Amino acid sequence: MTIARLLVFCSLLALTQAVSPLSGSFSTKDGSQCTWFDQRSGTGSNIHFGVPCVCKNAAGESQGYMCRYTGALAACQKHVDDRRAVYNDFVNQLEELSNACALDTISSALCPGFEMKRETLQDVSSPCVAVPAPVHKEL
C-alpha cells in the first residue's frame, strides 16, 4: 500500500470514528492496530461492526485492511440495554487473532443465538508480521 493510500485509509478511519456513537481500539497478536466502531445507519435492524486495521508486512511497510461484521443484533435485548458490553465481547475474540478479519462470524455470550457475519472490505496484500517489542538496554 502506498503512503497516499494509507493516508486516505487513515482519514476515512478518522471520519468514521467522528460520527460513530461507539468506538474503541485494540491490537491483535501480530501487532495490527485496529479500531472498531458501530457503523449503523438509519433505523434498520442490522448492526454493522466496522473493523479497520493497520499493520506491517515483512518488508516493514505499513498496510491497511478492513472488514465489517453484520447481523441482526438489534433483536438482542442485552444489545439494546448495553451495546458496549456486547462489543467488548467481540473485541475480546478479535484480539486473540493475528488478523482481526480472519473469523467468518463473531458472537457474544450476552446475545446467545445471534451471530455477526464478516464482509471483507479491504484485504492485506501480504501477511502482517508481528512487530517485536522494543528492547530495553541498561546504561
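Here is how the numbers come out for the structure above:
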read-out	value
Length added when fully stretched, Ala72-Ser125, from 0.36 nm per residue minus Cα-Cα	16.0 nm
Accessible area, probe 1.4 Å, largest first, for residues Glu119, Glu96	Glu96, Glu119
Under Karplus coefficients 6.51, -1.76 and 1.60, residue-wise ³J(HN,Hα) of segment 65-71 in Hz, glycine/proline x	9, 8, 9, 9, 9, 10, x
Which of Met116, Met66 is most accessible, then next, and so on - probe 1.4 Å	Met66, Met116
Accessible surface of Asp81 - all protein chains present, 1.4 Å probe, nearest 10 Å²	110 Å²
Cα gyration tensor category, rounded, prolate or oblate, for segment 85-131 with a/c compared to 1.5	oblate
Amide H partners (placed H, <5 Å) of Leu22, local residues excluded	Asp38
Percent of alpha-carbon pairs separated by more than 22 Å within segment 47-139	38 percent
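The values are calculated or read from the model by the stated rules, or taken from the named source; none is laboratory data. These figures come from a predicted structure and were not determined experimentally. Ligands, DNA and RNA are stripped out before the accessible areas are found, and what is left, the full protein with its side chains, is counted by its heavy atoms. Shrake-Rupley method; radii C 1.70, N 1.55, O 1.52, S 1.80 Å.
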